[in-house]
1. Which count do you get for residues in region 1-52 that are modelled with pLDDT under 85, assigned to a loop (DSSP other than H, G, I, E, B) and open to solvent by less than 20 Å² (accessible area, probe 1.4 Å)?
2. Please verify whether S636 is of a type in the set (G, A, S) and touching a strand residue (DSSP E or B) at 6+ places or on another chain (Cβ under 7 Å), treating the condition exactly as stated.
3. When the residues of region 439-454 are filtered to those that are open to solvent by 20 Å² or more (accessible area, probe 1.4 Å) and of a type in the set (A, V, I, L, M, F, W, C), which remaining residue is farthest from L478 (Cα to Cα)?
4. Pick from P537, P543, P499: which is open to solvent by less than 80 Å² (accessible area, probe 1.4 Å), part of a strand (DSSP E or B) and not polar (S, T, N, Q)?
5. Restricting attention to region 541-558, does a residue exist that is in contact (Cβ under 8 Å) with a residue 12 or more places away in the chain and of a type in the set (K, R)?
6. Assuming T182 fulfils every condition listed in (1) open to solvent by 30 Å² or more (accessible area, probe 1.4 Å); (2) of a type in the set (S, T, Y); (3) modelled with pLDDT of 80 or more apart from one, which condition is it?
7. Pairs please, first residue from region 567-589 and in contact (Cβ under 8 Å) with a residue 12 or more places away in the chain and of a type in the set (A, V, I, L, M), second anywhere and part of a loop (DSSP other than H, G, I, E, B) and open to solvent by less than 40 Å² (accessible area, probe 1.4 Å), Cβ atoms under 7 Å, 6+ apart in sequence or on different chains.
8. Testing V471 on (1) under 29 Å from the mean Cα position of the chain (by Cα); (2) at pLDDT below 75; (3) surrounded by fewer than 20 Cβ atoms within 10 Å (Cβ to Cβ), one condition comes back false. Which one is that?
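The values are calculated or read from the model by the stated rules, or taken from the named source; none is laboratory data. Note that the structure is predicted; figures quoted are calculated from it, not measured. Methodologically, a virtual Cβ is constructed for each residue, glycine included, from the backbone with ideal geometry; neighbour enumeration extends over all protein chains shown. The accessibility values were calculated without ligands, DNA or RNA, using every heavy atom of the protein model including side chains. Shrake-Rupley method; radii C 1.70, N 1.55, O 1.52, S 1.80 Å.
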Amino acid sequence: MPPPPPLLASVVDSVTVFRKGALVRRVADLSGLDAAVRRVRFGPLPIGADDDSVRVSAACTPTEMRVVLATMAPQEHLAPPEDAELLVARAEELRIEANIEAHRQSIAALQSIAIAPRRHAPESAPNGIPHEARMALIELRRTKSELLHAKIAELSETLRTARLTRQALEQRLHLASTARQTRAHELRKAVDVSFDTSPTGTLAVEYLVGGACWCPTYALRLDEELASGSLEMRGLVAQRSGEDWTGAQLVLSTARPHTFVDLPEATSIRIGRQQPPPSKTGWRSPPAGADALFADADRAYSRPPAPARTPPPRVEPAPRPPAEVAAAAALFAVTDGANMPVGGAAPMPPPQMGAPPMPPPPPPPGGMRAPAPMPSRRGGRAEAKKKAKGAPPSFGGAAPPMLDDDITASHSFDEGGGGAGAAGEVDAAAAMLAYGSLRMAALDEPGRGTLHISARAELYMELLVAEGRVVEFDIHALVQTAMTQSSRIDPPPAGTQFPSSVDGFDHSFEVADRVDVLSDGAFHGLPVWSETAAPRPFFVTVPREADDVFRFVEMNNPIDGPILPGPLDVYVGGKYLLGRDLSVTPRGAKLELGLGVEQGIKVARNTRFEEQSAGLMGRALELEHTLEIDLENHTSREVRVEVRERIPVARDGDDDVEVKVESVEPAWEPWEPTGQSLEGGHRWIVSLAPSAKRSLRATYVVRISAKHELVGGNRRD
């Protein structure tokens, strides 16, 4: 049997963390290989990595790529598969518990020793009755019981200490990374890559993993004067993929790792006789008379064959998709079915003598959907730049949407509900072009002459057997257990939320420095960006409702992209002030934040009311209202104060009531809150120097008929 290919040492170069799931890129150096090497093994990869998402790129084009399971050499930097210290602590705890139980059984045995009752002495017997033996037995029981109870008390204290030690070690193990060495019965995933020539340069492998997510948080730092500051974004990243991301360049994206879309088919319009659509690229029906190839084998059987099952009705093939779509779909093998014939052909009975020729299997069902990754603004520019620079060719494809929380099946559609076809239709169309997963049934097996889709576990086992490995455990269960454990991530901190698209667009944020993210399932705070903010402080008061003055700051979005929803911590002068929840702030939009009450600005509001008759013979009433608002600035800086006021308004069509503003000093302006309806709102915007005072005055008159009275009284304030 051929020896396994040489194993390349690789490091994590970059990671793109999506809203759920991550795309990992590992690189390895090919310069130290022998010139005769044509096949290398890249690994180890996490056991939960998605096989269909693996993409390989190198300076020289690879000819073949295959995901395998292999036993990897122990790595020095990884923790051992079992914590020896924890095993010793558990054994010590069990030993102490057994010792305590043995002492309790000894006490029970002492208590079970009964003292025989004394017999009645006859009258002729002497008066003395021997009792030394009884007293000695009682003393022995007492002495031994005291010693055993003291020993149990001592062992109980030792047991308490041992339990605390064991719990501390278990807690340390829980918080430790899940990236560890392989056990003797475990396997790791790897990628076997073949080349036509001696490989040189570097080899990069990209693959999708589950068990990764991130949440944005923010911090606003202002000086005492609220004149300058900075806005920072931190990303809380958690992952439990089974490998540590050490020294990796992180990109945090709001996109899904994968989604399905309908690719448009540009059909030509021709004038003439209608022609049948061309067949799909990469698949065609077997030629006529192919069943005659089995005639000699059928004659070798001694029994006549059973009647063949009636094949399903023939389905016309769909129009051929573009060549690049068919090439991409070739990487999407169906992994949830074993021994399932492709194209809807029914399984055939075992071939026997005189078997009639079977009709060719019908072509596959039409209507193939091709997967396409969700693009981001940054990703699109990076991909175009990569093509422009003549980047090395890649070999592989994108991955199925198995890593997103909204997608549960192995194949699904986008959230817009664009799934016009059935899911089985997508699976069959994709499986037809997954050549690496197709196997031809043997001559004496059901479905001879028909390609079947092999399950992923069967493909793993096939390669292990070819290398002479003996596997005595369930490979499928091993992979499923690893994928299940990778989804066990700690809940995010309170107030945080996972990112999502903004107005249908996805965005990505690149972490400035290379960082380390352990595979422990806990959230790690990473600095993403920090931009200088230009806050504009202002103060708002509504003296009609309260005599408090509230601080506000407004600023423009300082980044070239949106600010995602998340919690915000506000610091003023280096001290924590308060917390806020940010909403979506588009690019170039204004961000307004309230910072609580300003104690250094005082406001007082006084009103006067006069009622007098007006008009000929006093047929009308004029209700005169005067507002006086006094402002005083006790701070050490000039402030801009916005004073909001409201006056009554007459209903439309009500001619009996008239509201007229007589005088305002200084002038005010109409005001209506954003997104709300408010009639009669006005505001003053005044500037106050340090220790300055300012008075605002407004007079308005409400004119009504003398025979009427306003509901609730004529006084409106």
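1. Counting residues in region 1-52 that are modelled with pLDDT under 85, assigned to a loop (DSSP other than H, G, I, E, B) and open to solvent by less than 20 Å² (accessible area, probe 1.4 Å) gives 2.
2. No.
3. The extreme case among them is L443.
4. P537
5. Here is the first cut: in region 541-558, the ones in contact (Cβ under 8 Å) with a residue 12 or more places away in the chain are 541-544, 547-558.
Okay, now just the ones that are also of a type in the set (K, R), so 544, 551.
Yes, there is a match, as at least one residue in region 541-558 is in contact (Cβ under 8 Å) with a residue 12 or more places away in the chain and of a type in the set (K, R).
6. Result: T182 fails condition (3) only.
7. Every condition considered, the pairs that remain are L582/P565; V584/P562; V584/L564; V584/P565; A589/N557.
8. Against the list (1) under 29 Å from the mean Cα position of the chain (by Cα); (2) at pLDDT below 75; (3) surrounded by fewer than 20 Cβ atoms within 10 Å (Cβ to Cβ), V471 comes up short only on (1).
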